[in-house]
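Scroll down for the structure; my scribbles are underneath it.
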Amino acid sequence: MIIQDRAQLYNKAFPKYPPLHTTDRWIYGIWMIGNNYQNKQGYYGEYPPSYLKRILSMFPDIPPDRVLHLFSGSLDKNESTGATFDINPDLKPTIVGDAHHLSTYGLEPYLILGDPPYSGEDSEHYGTPMVNRTKILKECAKILIPGTHLVWLDQVLPMYSKKEFNLVGTIGLIRSTNHRFRVVCIFEKV
């Protein structure tokens, strides 16, 4: 499925919200998540409300067992599809591990959803080390097959190799007042 088709899937699933736009190789847009200050799980840093539904609406062709939630935190098991991966065993992820060595776990996802700690302060709050984004993107590239996707939610566009990934989409994400602006980067494995 081409990236423009994925944008149209989102637009059909969320007709009341501003649409995602496309060019010949790119999707872009802004998501206003709303003034919902409550986290479902009460976990600092969890996915913003409706984020997971919005992303997954773009990838309905991906079997649930081929989705990997990287840095899954306390992802609601009732809302999630696929495996959860986190370094903190207390959060009961499907796989406890260090994402810096992701390729050593024998995973074969078609879609990786990454939401890492955004800063050293966030890492301290989680009780985990700060991640090396560049190294983790290289690890993601090792386990994805051509044409599959990495969706990375962060405050920065991480460095990546154009030999490994094409950046095929960016979506600005604004949760509400007094929250950080984030960007959803959609990478396609080359």
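Quick one: compute the contact order of the chain, relative version, from alpha carbon pairs under 8 angstrom and 6+ residues apart, as a percent.
21
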Worksheet item: If you build a Gaussian network model of the chain, linking Cα atoms that sit under 10 Å apart, which residue out of Gly127, Gly147, Gly29 swings the most?
Response: Gly127
Worksheet item: Under the rule of -39500 (n - 2.57) per DSSP H run of 4 or more residues, summed and divided by the residues of the chain, what mean residue ellipticity at 222 nm is obtained, to the nearest 500 deg cm²/dmol?
Response: -5500 deg cm²/dmol
Response to the item:
One finds the C-alpha centres of the stretch 50-119 and the stretch 170-190 to be spaced, in Å, by 17
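If you average the sequence gap of Cα pairs under 8 Å that are 6 or more apart and divide by the length of the stretch 103-190, what percent do you get for the contact order? Before the final figure, lay out the partial values.
On the way: 144 pairs, mean separation 27.6, N = 88.
Answer for the stretch 103-190 is 31 percent.
Between Thr104 and Thr81, what FRET efficiency follows from the Cβ-Cβ distance if R0 is 30 Å, with the result rounded to 0.05?
Working: r = 24 Å, r/R0 = 0.79.
Given R0 = 30 Å and the Cβ-Cβ separation, E is 0.80.
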Worksheet entry | Choice from Leu102, Leu75, Leu91 with maximal GNM fluctuation in the chain (Cα, 10 Å cutoff) | Leu91
Worksheet entry | Fraction of antiparallel bridges per DSSP, the chain only, in percent to nearest 5 | 45
Worksheet item: Mean projection of the alpha-carbon convex hull of the chain over all orientations, in nm²?
Response: 10.1
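Report the net charge of residues surrounding Glu164, where surrounding means a beta-carbon distance below 12 angstrom and charges are Lys +1, Arg +1, Asp -1, Glu -1.
Details: positive: Lys138, Lys142, Lys162, Lys163, Lys189; negative: Glu139, Glu188.
For residues surrounding Glu164, the net value is +3.
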Worksheet entry | Choice from Thr84, Thr104, Thr22 showing the highest fluctuation, given a GNM over the chain with Cα pairs closer than 10 Å | Thr104
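Read-outs throughout are calculated quantities, based only on the coordinates presented, and are distinct from any laboratory measurement. Computed from a predicted structure; not experimentally measured. When we count neighbours, we look across all protein chains shown, and the Cβ atoms used for this are built from the backbone with ideal geometry, even at glycine.
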